[in-house]
Structures are given as C-alpha cells and as structure tokens.
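Input: a single structure, listed below in structure tokens.
The values are calculated or read from the model by the stated rules, or taken from the named source; none is laboratory data. Bear in mind that the values here come from a model prediction, so they are computed numbers and not experimental data. Glycine also receives a Cβ, built like all others from the backbone with ideal geometry; neighbour counts cover every protein chain displayed.
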2 protein chains.
Amino acid sequence: MPQGRPLAVPDDGLTTRARRNAPLLAVHTGAGKGKSTAAFGMALRAWNQGFDIAVFQFVKSAKWKVGEEAAFRQLGRLHDEHGVGGPVEWHKMGAGWSWSRKAGTDDDHAAAAADGWAEIARRLAQERHDFYVLDEFTYPLKWGWIDLDEVIATLTSRPGTQHVVITGRDAPQPLLDAADLVTEMTKVKHPMDVGRKGQKGIEW
Amino acid sequence: MPQGRPLAVPDDGLTTRARRNAPLLAVHTGAGKGKSTAAFGMALRAWNQGFDIAVFQFVKSAKWKVGEEAAFRQLGRLHDEHGVGGPVEWHKMGAGWSWSRKAGTDDDHAAAAADGWAEIARRLAQERHDFYVLDEFTYPLKWGWIDLDEVIATLTSRPGTQHVVITGRDAPQPLLDAADLVTEMTKVKHPMDVGRKGQKGIEW
C-alpha cells in the first residue's frame, strides 16, 4: 500500500500540487496476464473521477475484450444519461477505426495501425481526453508499423495533464525510459498450461 | 494473446465444456502495482456476463479503493434498476463488515479479519456468489489472523463454479500451489520513487 510518502523529493522546483497533477505515462508489459485488465481497472477509477476516457485497441480481433467494452459502454451511458462518472469512447482497429472510412480494412493492418496512432497524436495535441488506454500498442511498435521515435516525442511533449496507459508484451526500452510507471506482469502459473480452456466471465 | 489452444490436454476425464466451466482460483501477488486493479478489471468482465459479484476488502483503510467501490456500486445499480450485468456487493473490513455488529471495530483487527473469512466460507458453502474478490487477503494470512490450512481446504473444496481472486503481496506458497492462475506484478519503475505524489483518478 502506498503511504503517500515519496522516497525522495525531487529538486524540480515544482509544488506538491503541480506534482500531484503531473500527467502519467504508464506501461504494462511482460508475458503474464492482467496487463490490459489492470489498464481497464485504472480507467474505471479515472471514469469515477469524471475523467474523459478513450480506449484504442490495437488488435485485429477484439474477441478477448468484449466484456470490458460492453461494461465501459454502460459506464459511458451512465455519464451521458445520468451525469455519473466521465464520458467514454472505445475505438477498435479490428473493426476499422470509427473515425475512418479508408483505414482499418482487412488488407493493410500496418496502415490501419499508423492511422490509429495519427489520430491519437491529433487528439493529444488537442487535449481531447483525460485518460487514454492504448491497448496492445506495443505490437505495432515492435513490428515497425508505427515509428517509435515519433511516438516517444509525441508522448513526452503532450500538453496538459493527459494520462496515457500503454499495454502489451515486449515494450521497447525507449518507451520504458520515457514512462513514469512501468509494471511487468509475470506469468507464474496459468490454467491453459494444464489444459484448461478460456472461460466466460473470466477471459471475455 | 491466448489462442484458446491449451499446451496440453489433461487426462482428467472431463469434457471441454466441463473444463470451460471449471471454477478459477486466481492469485495476484508481487510488489508491483495492478494486483487489485487487475482483479477489479476481471470483476468488470464477470459483471458484464451477469455474474453475481462480491468484493471483500481486507484492509483497515480503504482510501485507495474508493474509486473502484463507487464505480462498482454504479454497476450494481445498473443491474438492480435496468437488468444490465450482474448484482454487486462490496464489503469493507475497514468500515466494519456490513453483516456484523460485533466485529470490525477499531479494537481487534485480527477478530475482524477472522469474522470476514468465516462469512466468506459460509457464502462459498451456500454458493451465494459467482465471482469473489478477496482484496489484500494475503496480509491477514501472513499475520496469522486467519488459518491458512483452513483457507486452502475451504477454497479447494468449494462447490459449484465459484470464481475467487485473491490479491496482496507475499502470497504464501501453499496458496500459490492451490491456485489455477498466479500472476506476479513486478515493479519496474514507480513515480513515487522519484518523488511524485498519488494522483486523483490514478491512485484513487
């Protein structure tokens, strides 16, 4: 349990209040479970504070995240209809980005990924949301579909107090260096190793 | 991404369907962030499938989980008033267990923890819920407030298809041995190490 007592107080001239409002870049990586799940748990907390939430899923198939998507759409409805929590947007590359007609087709995943990132960069520049989840974003970085240097430059120079959480295995070192919070999820034991199948309410 | 293809098919005489419905015991441990957050993310997915959710928080101060609690109370309302998702119960040791008048006082944390576990054991026997989060449950185990052998025996013999997720540092080895899924959250980098403070919408 964090006790709110930092191990060191940096000599950065910032007030405690400024430090408390500093925008967070978090990375959840490693081969274990819970990377995306913990990111969505963070988004739940942010939603409760009235933050504007945007999720971008960088995967072809969104099969394993339908539960979270459905739950967050309900939370977004609670905001829109009852003024509870914050607004929620949920965008999926696998289904073709909602803002785009051209990209996100079956033909060109690399172009779709690049298009997704370009839109995120535009939104960061506009300070459009308070809390971004870039789910499985490490894969298009790893595959060279999106330029890592540009991503780092855009993230580290983003204006305002926009929080960004990035998930996926094999996060590149420069991204870890740029992040404020890095957690590695390590697989100790997994039921699929002993022949168990994915389960309703657990895996999706 | 799990592909749904187990590495081995066990010789347990179970059908795929039976294995798919097998109750899961998951443990999130380690010194990193995201143990509870990922558990609540799992609960979100279970809620979306209409599962009956019960959260038991084994901490004196619930300061850091108020965001999740508020969000899950909203989700529970969505179920009760609109028939969406599943019902939600949220119990806190820190505030005195809601079902108990005697335990949970400021005086005796060990008795309150034991009372909490006794109630969970009763509910497991009754198959009262579908998905249990035992948040920070490793600490009363570690401190000897709750008997580990009895916990293992109760969990491994629980009837039906009740899923249980336990969080906290230093999970004891017998609990890991009994679990189906164990994930260790490892701290790679944490903003408090460099003097940053807990943040609204991030830490609570």
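Structure above, values below:
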read-out: Cβ-Cβ under 9 Å pairs, at least 6 apart or on other chains, the stretch A:109-130 side among the β-branched types (Val, Ile, Thr), far side surrounded by fewer than 19 Cβ atoms within 10 Å (Cβ to Cβ); value: A:Ile120/A:Thr154
read-out: Strands (runs of 3 or more DSSP E) lying entirely in the stretch B:94-204 (those with 3 or more residues that are modelled with pLDDT of 95 or more, buried (at least 17 other Cβ atoms within 10 Å of the Cβ) and within 14 Å of another protein chain (Cβ to nearest Cβ)); value: B:131-135, B:163-167
read-out: Considering residues of the stretch B:38-74 that are closer than 11 Å to B:Val133 by Cβ and of a type in the set (Gly, Ala, Ser) only, the residue farthest from the other protein chains (Cβ to nearest Cβ); value: B:Ala54
read-out: Filter pass, A:Arg77 being at pLDDT 95 or above, touching a helix residue (DSSP H, G or I) at 6+ places or on another chain (Cβ under 9 Å) and either within 14 Å of another protein chain (Cβ to nearest Cβ) or part of a loop (DSSP other than H, G, I, E, B) (or both); value: no
